[in-house]
Each structure stands twice: as structure tokens, then as C-alpha cells.
Amino acid sequence: MNAAVYKGTALVTGASSGIGATYADRLAQRGHNLVLVARDEKRLRELAARLGTQYGVKIDVLRADLTSKEDVRTVEKRLREDEAIELLVNNAGIGPKGPLLNDDPDYLDTMIDLNVVAVNRLAVAAAQVFAERGRGAIINIASVVALVPERFNGTYNASKAFVLNLTQAINAEVADKGVKVQAVLPGLTRTEIFERAGVSSSRFDPSMVMDVTDMVDAALAGFDQGELITIPSLPDPRDWQAFFEARMVLAPNLSHDRPAERYGVRRAEAV
Ligand SMILES: NC(=O)c1ccc[n+]([C@@H]2O[C@H](COP(=O)([O-])OP(=O)(O)OC[C@H]3O[C@@H](n4cnc5c(N)ncnc54)[C@H](OP(=O)(O)O)[C@@H]3O)[C@@H](O)[C@H]2O)c1
């Protein structure tokens with residue numbers, strides 16, 4: 001399904017910088033009215049004013065701290081009640097301060113509140129209302145670390161694996177209900193995320209870091225092409241397909257009435 005069919009309002013979380021701000025720009029350019037969500041209201045208002053003037057679309061700002069249950073409920077209410085909203089870009093997230101062994105457990109809790117709890121709440125709300133209306137789309141921003149958990153902070157990787165898994169599961173429930181779902185798996189992307197977490201991005205190999213506009217333009221092209229999973233830097237989509245098919249090989253053997261032979265467990269005698 002081509003994204004051009006969705007002309008309704010897009011609600012973008014984490015719209016004050018980086019990937020979210022770039023989605024806001026590209027979606028405004030495509031003619032979407034917008035609801036911009038983040039904590040920094042001043043930045044959101046400046047972006048809204050610029051995009052409104054440049055593209056002539058209507059833009060609302062909804063200040064919310066998505067680690068606060070109350071603020072998440074406010075955004076959820078807007079998603080459920082504003083029938084003009086046809087697209088959710090579930091993007092707000094924070095990255096790790098370093099390897100898990102050095103990270104602050106309270107910070108990791110906050111990461112889960114934002115990257116998992118809020119993302120889940122908004123994705124579920126959008127899936128429910130869009131399915132009921134028979135129309136809408138959800139773009140969830142995951143990460144390639146969902147596929148290579150050995151290479152980065154475990155809590156962050158797990159939060160992004162959650163987003164990938166959630167997207168695939170939601171798709172299985174809504175695909176036949178007029179709702180389009182996409183998980184975007186960016187690799188390293190030039191935004192504020194690393195500096196915000198106190199990590200210098202200068203230590204990354206520049207050949208692995210994508211410009212944010214290229215990343216979002218590729219992700220939107222993947223959306224237009226109807227992809228469920230978009231990995232902007234992956235040259236050959238057959239590699240993803242092979243990974244998916246390898247997983248499906250396991251499926252018929254994941255739940256049986258007895259343990260596998262190699263565990264040497266004798267079947268319990270009937271009593
Ligand atoms: N950059 C990368 O290399 C990369 C790679 C893979 C995936 N991602 C994912 O892409 C998404 C966007 O990250 P980015 O790279 O664009 O980083 P960014 O430039 O730091 O942007 C993060 C956005 O999230 C918002 N945010 C942070 N904490 C929030 C909170 N408590 N409540 C509401 N909004 C909050 C920030 O706005 P305020 O501070 O105004 O609230 C900002 O708009 C994240 O989910 C990230 O995990 C990034």
C-alpha cells in the first residue's frame with residue numbers, strides 16, 4: 001500500500017530533534033497535518049512554525065514526557081479521539097550511556113518506560129482505533145541492534161527487539177483490517193541521541209553512520225513499497241528474507257508434548 005493514500009494527520013513522537021523532526025519535515029512536505037509530541041515545547045513550536053509556513057499544513061504541538069504515565073495517557077487520548085489521525089510515528093527513545101555493566105539501573109528503567117512502555121501503549125491504542133476504523137498506519141522506530149544483541153547495551157537492544165517483535169505481532173492481527181504497519185531498523189544515524197546519553201559519536205566509524213535525512217527518506221520509501229520491516233542500509237533484501245525463513249524452520253518444533261530426546265527425560269508414568 002502506498003503511503004500517499006494516507007493523507008490524514010500524522011502524530012509523531014520525539015519530534016523535537018533527529019529522526020522524529022525529520023519525519024515531521026517529510027510528512028509535512030507530503031501534505032500531512034501534524035501533531036508533534038516531545039518534552040521541549042519551545043523546539044516543537046519553532047519546528048511547527050517553520051513547517052507550517054513552508055508547507056502550508058496545520059500543526060499542533062502536544063508537550064508530553066512519555067516516561068510519565070499521565071502524559072502517555074494524554075497522547076493516547078488524542079490518538080483515540082482525534083479521528084483525523086491516520087498515522088502514528090512511534091519514535092521517541094533514548095540510547096544507553098555505555099555497556100550494560102557500567103550503566104545506571106535507574107536510567108535503564110527510564111529507558112524501558114520510554115522505549116517500551118510508552119511505545120507499546122501508543123502502538124496498541126493506534127492499532128485498536130485504526131482497526132476499528134479500517135484505516136491507518138503505524139511506523140515503529142526499532143533499531144538494527146534488535147538483530148545483533150551481542151554488539152550493544154543489552155537493555156537498549158532488548159527494548160528495540162521488543163519494538164520489532166511487537167510490530168510483527170500487530171501486523172499479524174491488523175494486516176487484513178486496512179491497517180499498515182512498519183518497523184524501521186536504523187543503523188547508526190547522525191542525531192543527538194549519543195550526545196544526550198553522554199557518549200561521543202566521534203568514536204564511530206563514519207562509514208557506518210547514516211545521515212538522518214537519508215535514513216528517513218529510505219524508511220519512507222520502504223513504507224511506500226509496503227515493507228513490514230525496513231532496514232535502510234541493508235543492500236540485499238533477500239538477506240532479511242533468509243533470516244525470516246530460518247526462524248520459520250523452528251516454528252513446527254517449538255511446542256510439543258514432550259522434551260527433545262537429547263535431554264534424556266523419560267515420559268512421566270501415568271498415575
Ligand atoms: N540515532 C541512531 O543511531 C538510532 C539508531 C537506531 C534507532 N534509533 C531510534 O530512533 C529514535 C529517535 O532517536 P534519534 O536518534 O532521533 O534521537 P534524538 O535526536 O535524541 O531524538 C530523540 C527524541 O525523543 C524525544 N524524547 C526523549 N525523551 C523523551 C521523553 N521522556 N518524552 C518524550 N519525548 C522524549 C526527544 O525530545 P525531547 O528531549 O524534547 O523530549 C527527541 O525528540 C529512538 O527511538 C532511537 O532509539 C536511533
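Some notes on this structure:
- GNM result for the chain, Cα springs below 10 Å: residue of PHE223, PHE204, PHE130 fluctuating most strongly: PHE204
- Every pair of different Cα atoms in the chain enters the Kirkwood calculation, which places the hydrodynamic radius at 19.7 Å.
- Taking the fewest neighbouring Cβ atoms within 10 Å as the starting point, the ordered list for HIS32, HIS256 is HIS256, HIS32.
- Summary: within the chain, the longest segment free of trypsin sites (Lys or Arg not before Pro) located in DSSP loops with at most 10 other C-beta atoms within 10 Å is 1-265.
- For the chain, built as a Gaussian network whose Cα springs stay under 10 Å, the top-fluctuating residue of GLY18, GLY134, GLY31: GLY134
- What you get for the stretch 149-213, charging only the Cβ of Lys and Arg (+1) and of Asp and Glu (-1), is a dipole of about 40 debye around the Cα centre.
- Entries in LYS69/LYS97; LYS77/LYS97; LYS7/LYS177; LYS97/LYS160 that, when Cα-Cα distance is taken, lie over 21 Å: LYS69/LYS97; LYS77/LYS97
- Whole-Å distance, taken between Cα centres, linking the stretch 152-218 and the stretch 51-124: 14 Å
- In the chain, the longest principal axis of the Cα atoms and the axis of helix 212-224 are about 70 degrees apart.
- Panel order for ASP106, ASP211, by other beta carbons found within 10 Å of each beta carbon, from fewest to most: ASP106, ASP211.
- For the chain, the residue among PRO252, GLY198, ASN157 whose Cα projects farthest onto the positive side of the dipole built from Cβ charges is PRO252.
- Convex hull volume per residue for the stretch 149-214, taking Cα atoms only, in Å³: 119 Å³
- Projected area averaged over orientations for the stretch 23-138, convex hull of C-alpha atoms, nm²: 7.9 nm²
- Each of TYR107, TYR263, TYR23 was scored by other Cβ atoms within 10 Å of its Cβ. Arranged with the fewest first, they read TYR263, TYR107, TYR23.
- Degrees between helix 154-174 axis and first principal axis of the chain (Cα, 0 to 90, nearest 10): 90 degrees
- Low-density loop positions, GluC sites (Glu not before Pro), the stretch 195-271 - DSSP coil, at most 10 other Cβ in 10 Å: GLU269
Coordinate-derived values only; no laboratory data. Note that this is a predicted model, so its numbers are computed, not measured. Every residue, glycine among them, receives a Cβ derived from its backbone with ideal geometry; neighbour counts consider all protein chains shown.
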